[in-house]
Every structure is written in structure tokens, then in C-alpha cells.
Amino acid sequence: MKKKVLFICVHNSARSQMAAALLNKRCGKLFEAHSAGLEPGTLNPLAVEVLREMDIDIAKNKTQAVFDVFKSGELFAYVITVCDESEAKGCPIFPGVTTRLHWSFPDPSKLSGTLEQKMNETRRVRDKIDNQIRQFCSEYGAP
């Protein structure tokens, strides 16, 4: 049976979406990843684009509130916050969680500069998340 993982960030628009998509791609045989946000926003087009470069399509993903996931009663083996330290304090505690992790990544929605600069910075965030996902798969994915 796959272990369920929930990634949480502020708006569920970029970091948590990228993390869930990357985990499902990298080790979807072992894990089933979902994502949510404290205050769901709209999907970040830069996140959609940098994942498309890796043949991952999240364009039709919806953003959802952590509270709604919490109310659904769904249980997760891992809850991983991917917001920065100050934002992470607002993430709810999930009942029955085996492991709670925190990975801090910069928020692509706060980037400034030209479109090209924002794309490059979003790629860097994606790659950092991808490296963390690979590490997670090898650490927690072993039977």
C-alpha cells in the first residue's frame, strides 16, 4: 500500500504543487502525494511551466485549503511543510501523522525581475525541491 504524503505551503500555488508532482513522478510506486495551502490561491504559471519542462503537467490542478483536507479525515503518513519558517507556524497539526517534516523553500510568487529572471529562479526552487524529493525517496522509500 502506498504511503500518503501531504505537502503544505501558503497558497498551494507553487512549492507544494511542485513537491507533490515531483514525488508522484520520482517514487509514485511507494508514495501518493497531495498538496494544500493555508489560504489557497491560484496555480502559479511559472510553476506549471518549469514542471512542463520535466514532462510533468499540473496545469489542471486545483488549489485546496489545508483545513478542507483536515476536515476530510484523510490520514497521511507524512506531512511536509515547504513554506519558509515564519509561514510554517500557521500549518495545522494533522491527527495520526507518523512523521512531520519541514523543508524551507523560497516562494516563487514573491520573485521580482524580468520574466526570464523569475523563470530561472523558479527553476532553481524546482531543482532544490527535486533534490529534496530524491533524498526523501531514498531515505523513506526503502521497504
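Values for this structure:
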quantity: Count of the range 99-131 residues which are part of a helix (DSSP H, G or I) and either without any contact (Cβ under 8 Å) to a residue 40 or more places away in the chain or over 15 Å from Gly28 (Cα atoms) (or both); calculated: 19
quantity: Residue count for the range 1-12, restricted to those that are modelled with pLDDT under 95 and closer than 12 Å to Cys83 by Cα; calculated: 5
quantity: Which listed residue is surrounded by fewer than 15 Cβ atoms within 10 Å (Cβ to Cβ), over 12 Å from the mean Cα position of the chain (by Cα) and more than 22 Å from His102 (Cβ to Cβ), from Asp68, Asp57; calculated: Asp57
quantity: Qualifying residue in the range 11-33 (condition: in a loop (DSSP other than H, G, I, E, B), at positive phi and touching a residue at least 12 places away in the same chain (Cβ under 8 Å)); calculated: yes
quantity: Test: residue in the range 68-85 that is at pLDDT 90 or above, in contact with a Leu (Cβ under 7 Å, 6 or more places away or on another chain) and under 17 Å from Ala14 (Cβ atoms); calculated: yes
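The values are calculated or read from the model by the stated rules, or taken from the named source; none is laboratory data. Nothing here was measured: the structure is a model prediction, and the numbers come from that model. Note that we place each Cβ from the backbone using ideal geometry, even for glycine, and neighbour counts take in every protein chain shown.
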